[in-house]
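Okay, structure first, notes after.
The values are calculated or read from the model by the stated rules, or taken from the named source; none is laboratory data. This one's a predicted model, so the numbers in the text were calculated from it and none came from an experiment. Note: ideal-geometry Cβ built from the backbone for every residue, glycine included; neighbour counts use all protein chains shown. All accessible areas refer to the heavy atoms of the entire protein, side chains included, with ligands and DNA or RNA removed. Shrake-Rupley method; radii C 1.70, N 1.55, O 1.52, S 1.80 Å.
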Amino acid sequence: MILELDCGNSFIKWRVLADSPGASSEGVVGSDLALIESLLALPGLLLTRCRLVSVRALEETSKLVAALHEAFGIAVSCAAPAREMGGVRNGYEDFERLGLDRWLAMLGGFKLARGACLVLDFGTAATADFIAADGEHLGGFICPGMPLMRNQLRTHTRKIRYDDAAAERALERLSPGRTTVEAVERGCTLMLRGFVLTQLELARSYWGDDFIVFLTGGDADLVADAVPQARLVPDLVFVGLAMACPLS
């Protein structure tokens, strides 16, 4: 069994791959301890290998690697920056400064598209990356994602207080809000959709209609109906991770 980990700024996304195709188990946790506990609770778990991508500090990632080795006795392969891989050429002036999650999502997108693609990722931050048909990464954009926008308003505006359940109810429609929670949640969602539409316009200026749009990340569903032609691939980073850290 192979353990795959996507260690983001806020959460750790995990999945266990059995011998048969597809994930046998998967989940999202908020800490290293919660990850170990979730894995130990799986019946019949027999991990043999592990690969991970992390955007966290080196010290944090090293502690997780040590904890996994202690708990399961497995070696961990960690994705690393690269100038070029899988036909994609990193477009950053300093390629090591490009976030590894973005890099792996691009590798996965280009592999699936087999041509020009726009990769839109909606997590703590919202990102857009443009990969041309020849694999050249043209660059990208980063803006606050839904969690950051919501939390900034909650932090800096005293009268904005509501829980996650209220936020979920507020997003059942996108008409003008008649409560604070509706106004905030729907306003932030519309900002994300505006971000998406701007990226589509730019991609069309490069490639006409000859490109594929990928949506990924935990909040991708908030914008999915605004881009009906897009391919929703929640595990796009894991597609790239398998390329960056082959275990066979």
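Name the single residue that is most open to solvent (accessible area, probe 1.4 Å) among those in region 1-14 being over 14 Å from the mean Cα position of the chain (by Cα) and under 17 Å from ALA67 (Cα atoms).
So the residue we want is ILE2.
Would it be correct to say that ARG204 is among the basic types (Lys, Arg), part of a helix (DSSP H, G or I) and open to solvent by 50 Å² or more (accessible area, probe 1.4 Å)?
yes
Restricting attention to region 76-96, does a residue exist that is without any contact (Cβ under 8 Å) to a residue 12 or more places away in the chain and either touching a Ser or Thr at 6+ places or on another chain (Cβ under 7 Å) or farther than 24 Å from VAL233 by Cα (or both)?
So far as region 76-96 goes, yes, one or more of its residues are without any contact (Cβ under 8 Å) to a residue 12 or more places away in the chain and either touching a Ser or Thr at 6+ places or on another chain (Cβ under 7 Å) or farther than 24 Å from VAL233 by Cα (or both).
VAL237 fails exactly one of the following numbered conditions: (1) part of a helix (DSSP H, G or I); (2) at pLDDT below 90. What is the number of that condition?
(2)
Look through region 108-123, keep the residues that are within 13 Å of the chain's Cα centre (by Cα) and hydrophobic (A, V, I, L, M, F, W, C), and return whichever of them is farthest from GLU93 (Cα to Cα).
PHE122
Determine, yes or no, whether GLY139 is small (Gly, Ala, Ser), assigned to a helix (DSSP H, G or I) and under 28 Å from LEU190 (Cβ atoms).
no
Restricting the search to region 210-221, which residues are of a type in the set (A, V, I, L, M) and either open to solvent by less than 30 Å² (accessible area, probe 1.4 Å) or within 14 Å of the chain's Cα centre (by Cα) (or both)? Don't jump to the end; show me each part of the working.
Within region 210-221, the subset of a type in the set (A, V, I, L, M) is 212-213, 215, 220.
Those that are of a type in the set (A, V, I, L, M) and either open to solvent by less than 30 Å² (accessible area, probe 1.4 Å) or within 14 Å of the chain's Cα centre (by Cα) (or both): VAL213, LEU215, ALA220.
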